[in-house]
Amino acid sequence: MKKFFLIFATLAFVAIACNPKDDPAKPDDGNNQENPDDNKPEEKPTITIDGSFDDWAAMPAEKVKVAKNASDGSWEAVKEIRVYANEEFVFYYIEFQKDTAKELLDDCFNKNSEDKDGDGMPIRLCINTDGEFESGYTSYFLDGYDFIIEGSLASENGVWGNFDGNFYQRIEIDGKMKWYNLKEAGNGICAGAGKDNKYEIMVIRAMFNAAALASPVPMQMGDNFQTGIRFYDPWWAELSNMPNENVSDDNTNGYGHLLDITVDK
C-alpha cells in the first residue's frame, strides 16, 4: 500500500510540474490573450488638413522640426513654421503674427477689388533633395535647393484657400540655370487649409517623386531632405524667409539654413 501511494504521488507531481499553464519559462508566442494590445504595431501620428490644429499640438516633439522667427532678424510677419514627414506625406505648419495675418487677408481682398492684379498671399516651398548644399538655387537661404512649389495660401476674396501650386525644378536649360516647370498648378500634389493666423499644407510624396523622376534631370525626395518657406504679400513683396537667423556682420540679410528633415518610419 505504501509503495502504491508513493507511485501515485510521484505521478501527480510530474503532471503538475509539466502543466504548461504554470511554466514561467514558456516563450511568448505572440498571442498574449491577457494583453492583446501589447502586440499591436506602434501607431504613427497623423495630420489632417482641415484648418484645425489640435493634431499638431498632439505630435511628439521629437518628430517635428521647428523654426521660430529670429528675434533680431530681417522679418516679423511669420512667427514659426513646423515640418513633419512620414513615408506618404510632408506636412507644414505656418503661424503668422496675428495682426499680420488679418492685414494680409484684407490686402488680398482689397488688391483684387482695386485692379484685379493681386495674388492671394503667395509662398514658395523650397526643397533640397540631393544632399548637396552648393547646387540648385543658392539665394535666400544659406543652403541651395532643387525644387520649389509656388502657390497662394489665400483666395482673391481675402479668405484662406487651398494650396496647390506650380512645381518647378532648378536645372540647366540651353546652357543656363532655370526653373523648369514639372507640373502646373491644380496638379493635386498639395493641399492646404487655414484658420485665423495659422495654415497647414500637405505634400504628397509619391506625386512629388513621380514628377521629379520624369524630369530631364531625374531626382527624388528620399528619407532625408531639407526644406524652408519663402513668403510674399499680394504684390510679391518679400514678407519672410523661414528658417531665418539674426542679422550680423557675416549674415547681413538674416538668411537661415534649411530645416533638415528625416522621414518618420
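Beta carbons closer than 6 Å, at least 6 apart along the sequence or on distinct chains, pair a first residue in the range 123-138 that is within 13 Å of residue 149 (Cα to Cα) with a second that is part of a strand (DSSP E or B) and among the charged types (D, E, K, R) for 124/150; 124/230. Selection of the range 175-218 for residues being assigned to a loop (DSSP other than H, G, I, E, B), under 26 Å from residue 243 (Cβ atoms) and out of contact with any strand residue (DSSP E or B) (no Cβ under 7 Å at 6 or more places or on another chain) yields only 196.
Restricting the range 183-197 to residues that are of a type in the set (D, E, K, R), within 21 Å of the chain's Cα centre (by Cα) and surrounded by fewer than 20 Cβ atoms within 10 Å (Cβ to Cβ), which is farthest from residue 130 (Cα to Cα)? Within the range 183-197, the match that is farthest from residue 130 (Cα to Cα) is 196. Tell me yes or no: at least one residue of the range 158-166 is in a strand (DSSP E or B), under 20 Å from the mean Cα position of the chain (by Cα) and on the phi < 0 side of the Ramachandran plot. Checked the range 158-166: at least one residue is in a strand (DSSP E or B), under 20 Å from the mean Cα position of the chain (by Cα) and on the phi < 0 side of the Ramachandran plot. So for the range 38-49 (the condition being within 28 Å of residue 220 (Cα to Cα), of a type in the set (Asp, Glu) and over 14 Å from the mean Cα position of the chain (by Cα)), does at least one residue qualify? Within the range 38-49 (the criterion being within 28 Å of residue 220 (Cα to Cα), of a type in the set (Asp, Glu) and over 14 Å from the mean Cα position of the chain (by Cα)), the answer is yes, since at least one residue qualifies. Each residue in the range 233-247 was checked for being exposed (fewer than 13 other Cβ atoms within 10 Å of the Cβ) and in contact with a Gly (Cβ under 8 Å, 6 or more places away or on another chain), and 2 of them qualify.
Among the conditions (1) out of contact with any helix residue (DSSP H, G or I) (no Cβ under 8 Å at 6 or more places or on another chain); (2) in a strand (DSSP E or B), the only one that residue 134 does not satisfy is (2).
Kindly evaluate residue 180 against the criterion of being among the hydroxyl-bearing types (Ser, Thr, Tyr) and either in contact (Cβ under 8 Å) with a residue 60 or more places away in the chain or surrounded by fewer than 17 Cβ atoms within 10 Å (Cβ to Cβ) (or both).
Considered against the rule, which asks whether it is among the hydroxyl-bearing types (Ser, Thr, Tyr) and either in contact (Cβ under 8 Å) with a residue 60 or more places away in the chain or surrounded by fewer than 17 Cβ atoms within 10 Å (Cβ to Cβ) (or both), residue 180 comes out as yes.
No value in this document is a laboratory result; all are computed from the given coordinates. Since the structure is predicted, the reported quantities are computational estimates derived from the model, not experimental observations. Please note: Cβ atoms are built from the backbone with ideal geometry, for glycine as well, and neighbour counts cover all protein chains shown.
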